[in-house]
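Reading through the structure tokens given below for one structure.
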Amino acid sequence: MTPEEAIRTANEVRERYFARLEGPLDFTRSMLSRGPFDQRAGPEVVRERHIACHGREPYSLVQLQAPCERRVEKDGFHYCGSCGCPKAKGTRLDVGPDFYSKLEYPWLACPLKRKGFSNHEPP
């Protein structure tokens with residue numbers, strides 16, 4: 001094996017290893033960003049995330065774009081079908097006054113890296 005092949009193999013192994021950790025690390029970072037007093041992202045960030053997931057602004061029926069193709073519905077609530085989170089109250093993509101929406105976490109990653117999310121990568 002040449003030195004170049006060894007470096008390429010080592011880089012591939014490293015990327016596969018860190019790819020498996022990405023989801024749990026993103027989840028941990030999101031939970032920590034909430035802090036001890038349930039901090040929330042600003043209204044403009046929540047608005048951008050809502051549009052990215054639902055295709056419309058919070059509390060509006062006017063569609064601005066198509067909803068995310070990975071969004072799933074269960075028991076009348078919407079969830080991300082791509083991130084691997086369980087379908088539970090704390091992971092709802094819907095915004096409401098009586099619960100903490102997933103879209104309100106100060107730091108939140110999107111598997112598709114869409115606008116409004118902490119890991120967004122502009123084209």
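For the pair Ser60 and Leu25, the difference between a 0.36 nm per residue extended length and the Cα-Cα distance amounts to 9.3 nm.
Spacing of the modelled spin labels on Arg16 and Lys87, each 7 Å from Cα toward Cβ, amounts to 3.2 nm. Residue exposure proxy: Arg92, Arg114, ordered by other Cβ atoms within 10 angstrom of their Cβ from fewest to most, comes out as Arg114, Arg92.
Shape of region 31-75 from the C-alpha gyration tensor: prolate (a/c of 1.5 or more and a/b above b/c, with a ≥ b ≥ c the square roots of its eigenvalues). What you get for the chain, charging only the Cβ of Lys and Arg (+1) and of Asp and Glu (-1), is a dipole of about 200 debye around the Cα centre. Simple spin-label estimate for Ser33 and Asp75 gives 2.5 nm between the two label positions (7 Å along the Cα-to-Cβ direction from each Cα).
Of the two radii for region 3-104, the radius of gyration is 1.11 times the Kirkwood radius, both from the alpha carbons; that is the Rg over Rh value.
Electrostatic tally near Cys80: other residues with Cβ closer than 9 Å to its Cβ, Lys and Arg +1, Asp and Glu -1, net +3. For the chain, excluding the exposed loop sites themselves (chymotrypsin sites (Phe, Trp or Tyr not before Pro), DSSP loop, at most 10 other Cβ atoms within 10 Å), the longest remaining stretch covers 60-123.
Where a number appears in this text, it was derived from the coordinates with a stated rule and is not lab data. Keep in mind that what you see is a predicted model, and the values were worked out from it rather than measured. All Cβ positions, glycine included, derive from the backbone under ideal geometry; neighbour counts span all protein chains shown.
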